[in-house]
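Note sheet for the following structure.
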């Protein structure tokens with residue numbers, strides 16, 4: 001074999017061997033597929049903001065000045081309602097004369113000039129009739145606890161609303177506050193008989209004022225804030241206003257008059273919260289419930305505060321040197337007699353007055369019988385060494 005052919009054979013064999021080896025080798029792995037990138041994470045969106053709750057703002061005016069203890073109740077009632085509503089109902093309390101003239105608040109609520117007032121029904125008997133006096137400080141009337149029981153359980157609250165509805169007044173009425181008997185008044189001389197009212201320029205209001213006029217007095221009606229200057233100027237000879245705490249806070253003891261008691265002309269003073277009925281109807285039900293129960297709570301809260309302040313004030317009046325006069329019992333009985341004769345007279349002419357009066361008389365007849373048997377007298381429970 002020639003050398004050339006031998007080289008060709010070797011090359012051919014090498015080539016065949018390469019093919020054999022290549023055929024036996026495993027297939028090359030395909031290139032790895034590129035993993036798909038995960039989609040970009042979406043940014044978390046904050047939850048939609050809750051709509052801001054509407055804040056309802058009202059204006060309330062009371063016929064009492066800021067310095068009097070009587071102002072405490074409406075001012076704190078407004079604060080309670082704002083707290084209990086979480087700030088959804090804000091009622092700003094104004095003193096007498098801040099928005100409308102003092103003692104005109106009820107009609108301002110009816111007209112919508114005010115949203116509410118905290119007042120006494122005896123201040124507007126010219127609009128609602130003498131039944132308004134049966135809810136506030138009338139002579140020989142209900143005691144504080146009798147008032148609470150009659151109003152809330154004896155039908156008094158329904159009659160209270162009827163008193164305004166029957167006159168087509170745009171008002172929602174609530175029992176709003178209470179204090180115990182008032183002082184009988186401050187007089188330049190000791191009052192020992194009904195004849196002492198003859199010619200007396202006397203500040204009072206309501207049905208007691210009618211009685212004083214019938215006894216020869218000259219009744220002058222004015223807001224509490226005007227009593228002090230009217231006494232100094234001689235516009236008044238004497239006056240009655242409220243309880244010892246309220247009278248002391250007003251500085252009435254400085255006028256030098258005799259302080260008379262007990263308050264047979266006003267065994268209690270019940271106050272009312274009056275709200276414009278349109279504004280009331282616009283309130284959601286939960287806010288209506290808050291206002292209703294806040295007013296209920298203020299009745300006992302106000303009485304507790306006022307009783308405590310009255311107790312302190314009596315001590316302060318004694319320390320000041322105030323001269324106290326306790327009305328003779330025969331004079332008190334005479335006032336009760338005159339008062340009931342007047343009520344019977346009014347009832348003949350005013351069917352609604354008669355309706356309220358009968359409701360109260362029927363209630364207290366049973367209530368007092370129960371208390372006379374079940375309730376010990378405080379003086380018998382007083383500890384004595």
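The values are calculated or read from the model by the stated rules, or taken from the named source; none is laboratory data. What you see is a predicted model; the values in this text were computed from it and never measured. All Cβ positions, glycine included, derive from the backbone under ideal geometry; neighbour counts span all protein chains shown.
General remarks:
- Filter result for residue 299 (part of a helix (DSSP H, G or I), out of contact with any helix residue (DSSP H, G or I) (no Cβ under 6 Å at 6 or more places or on another chain), assigned by TED's automatic domain parsing to the domain that holds residue 163 and touching a residue at least 12 places away in the same chain (Cβ under 8 Å)): yes
- Taken over segment 221-236, residues that are under 24 Å from residue 313 (Cα atoms), in a loop (DSSP other than H, G, I, E, B) and in contact with a helix residue (DSSP H, G or I) (Cβ under 8 Å, 6 or more places away or on another chain) amount to 2.
- The sole residue among 330, 310, 344 that is under 21 Å from residue 214 (Cα atoms), part of a helix (DSSP H, G or I) and in contact with a helix residue (DSSP H, G or I) (Cβ under 9 Å, 6 or more places away or on another chain) is 344.
- As a summary of the residue check, residue 272 satisfies the conditions (1) touching a strand residue (DSSP E or B) at 6+ places or on another chain (Cβ under 7 Å); (2) under 16 Å from residue 70 (Cα atoms); (3) in a helix (DSSP H, G or I) except for the one numbered (3).
- Of the set (1) in contact with a helix residue (DSSP H, G or I) (Cβ under 6 Å, 6 or more places away or on another chain); (2) crowded, with 24+ Cβ neighbours inside 10 Å; (3) closer than 25 Å to residue 304 by Cβ, all apply to residue 242 but (1).
So that you can scan it fast, the table gives a plain yes or no per residue for (1) within 19 Å of residue 270 (Cβ to Cβ); (2) crowded, with 21+ Cβ neighbours inside 10 Å; (3) touching a helix residue (DSSP H, G or I) at 6+ places or on another chain (Cβ under 7 Å):
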| residue | (1), (2), (3) |
| --- | --- |
| 63 | yes, yes, yes |
| 81 | no, yes, yes |
| 90 | no, no, yes |
| 93 | no, yes, yes |
| 106 | yes, yes, yes |
| 109 | yes, yes, no |
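- Given (1) under 23 Å from residue 187 (Cα atoms); (2) modelled with pLDDT of 95 or more; (3) surrounded by 14 or more Cβ atoms within 10 Å (Cβ to Cβ), number of the condition residue 295 does not satisfy: (1)
- Residue check for residue 149: part of a helix (DSSP H, G or I), surrounded by fewer than 20 Cβ atoms within 10 Å (Cβ to Cβ) and touching a strand residue (DSSP E or B) at 6+ places or on another chain (Cβ under 9 Å): no
- Taking residues in segment 66-88 that are over 25 Å from residue 248 (Cα atoms), and partners anywhere that are modelled with pLDDT of 95 or more and not in a helix (DSSP H, G or I), the pairs with Cβ atoms closer than 8 Å and at least 6 places apart or on different chains are 81/89; 81/91; 82/89; 82/90; 82/91; 87/55; 88/55; 88/56.
- Among the residues here, residue 185 qualifies as surrounded by 21 or more Cβ atoms within 10 Å (Cβ to Cβ), out of contact with any helix residue (DSSP H, G or I) (no Cβ under 7 Å at 6 or more places or on another chain) and either closer than 21 Å to residue 302 by Cα or modelled with pLDDT of 95 or more (or both).
- Residue match in segment 298-310 (condition: buried (at least 16 other Cβ atoms within 10 Å of the Cβ), within 19 Å of residue 161 (Cα to Cα) and modelled with pLDDT of 95 or more): yes
- Candidates in segment 197-209 are the residues that are surrounded by fewer than 22 Cβ atoms within 10 Å (Cβ to Cβ), outside any loop (DSSP other than H, G, I, E, B) and touching a strand residue (DSSP E or B) at 6+ places or on another chain (Cβ under 8 Å); of these, the one that is modelled with the highest pLDDT is 201.
- Test for residue 144: is it closer than 18 Å to residue 363 by Cα, at pLDDT below 95 and touching a helix residue (DSSP H, G or I) at 6+ places or on another chain (Cβ under 8 Å): no
- Strands (runs of 3 or more DSSP E) (entirely within segment 53-123) containing at least 3 residues that are modelled with pLDDT under 95, in the same structural domain as residue 295 (by TED's automatic domain parsing) and closer than 29 Å to residue 166 by Cβ: none
- Count of segment 168-182 residues, restricted to those that are part of a loop (DSSP other than H, G, I, E, B) and either in contact with a helix residue (DSSP H, G or I) (Cβ under 6 Å, 6 or more places away or on another chain) or without any contact (Cβ under 8 Å) to a residue 12 or more places away in the chain (or both), is 4.
- Filtered residue count, segment 112-126, keeping only those that are free of Cβ contacts under 8 Å to residues at least 24 places away in the same chain and over 19 Å from residue 266 (Cα atoms): 2
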